[in-house]
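The values are calculated or read from the model by the stated rules, or taken from the named source; none is laboratory data. Values in this document were obtained by computation on a predicted structure and should not be read as measured data. Reconstructed Cβ throughout: ideal geometry from the backbone, glycine too, with neighbour counts over all protein chains shown. Surface areas here come from the heavy atoms of the whole protein model, side chains and all, with no ligands, DNA or RNA. Shrake-Rupley method; radii C 1.70, N 1.55, O 1.52, S 1.80 Å.
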Amino acid sequence: MNRVGWAAAGAVAVVLGVSGCGGGDGGTDRGAGGASTPAGPRPEDSGPITRAKMRVVLDTVTADVGAPPNDPDWTDVGEEPRPGTPQECSVGYKGFDTAADTLDVERADALTAALTARGWTKTPKEEKRTAQDGTTDLILAVFEKRGWRLVLEYRLFSNNRTLSLTAFEKACAERILSIEDSVPGPGTPSS
């Protein structure tokens, strides 16, 4: 598994936690007696969020706040993830500090504001850490919207800064984690 796969697997396990699943019924309304009728036209920001839609969300919101483009190693456009892997459930963005695009706390705060303006609900799961010199060296915030959990992470390292967004479809991630938990590890007796 490559570094993106390991990062996604670790992030799914750490951030997902115990949560409810957001689900839909595929765009139908239940009428009287439970009969299924086609739903009318949906507002632009409604309906299920697919991986492709999430890719657009991440690319758009980061561009809107002036963050650097997604690092090519983290781009998954056009790639079909292997079923049963964490990549099947996630979409990621990772930007690195460059001379042309400086990442800072203000950029991370602007990204938080842009996400909430787009209907993402910020959860109480937030961490900000300050280094000994008083600079913020870590921001970790979690947002949710229509069955997805999105983790924003800003890190200040000694020689650079990174900004990342990792979005997980919660029901899919829970399914993948339950599969991984049921597979015996090396040296584990099987039944």
Practice problem: List the equivalent ellipsoid semi-axes of segment 87-158 in whole Å, largest first, each obtained as the square root of 5λ for an eigenvalue λ of the Cα gyration tensor. | Solution: 23, 15, 12
Quiz item: How many nm separate the modelled label positions at Ala117 and Leu177, each set 7 Å beyond the Cα in the direction of the Cβ?
Solution: 3.2 nm
Exercise. Can you send over the carbon and sulfur percentage of the accessible area for segment 90-168, probe radius 1.4 Å, protein chains only?
Key: 48 percent
Quiz item: Short version: ³J(HN,Hα) in whole Hz for each residue of segment 114-124, in order, from phi by Karplus 6.51 cos²θ - 1.76 cosθ + 1.60 (θ = phi - 60°), x for Gly and Pro, what are they?
Solution: 5, 5, 5, 5, 8, x, 7, 9, 7, 8, x
Quiz prompt | Estimated FRET transfer efficiency (Val56, Asp133; beta-carbon r; R0 35 Å; 0.05) | solution = 0.35
Exercise. With a 1.4 Å probe and every protein chain left in place, tell me how much accessible area Thr121 has, in Å² to the nearest 10.
Key: 90 Å²
Quiz item: Ranked highest first by the average count of other Cβ atoms within 10 Å around their residues, in what order do 61-69, 145-153, 107-115 fall?
Solution: 145-153, 107-115, 61-69
Quiz prompt | Local net charge near Lys170, Cβ-Cβ under 14 Å (Lys/Arg +1, Asp/Glu -1) | solution = +2
Self-check item: Phe157 - accessible surface, heavy atoms, 1.4 Å probe, Å² rounded to 10
Solution: 90 Å²
Quiz item: Taking Cα centroids, how far is segment 102-150 from segment 151-176 in Å?
Solution: 10 Å
Exercise. Would you rank Asp59, Asp133 by solvent-accessible area, highest first, keeping every protein chain in place and using a 1.4 Å probe?
Key: Asp133, Asp59
Self-check item: Val105 versus Asp73: modelled label distance in nm, points set 7 Å from Cα along the beta carbon direction
Solution: 2.8 nm
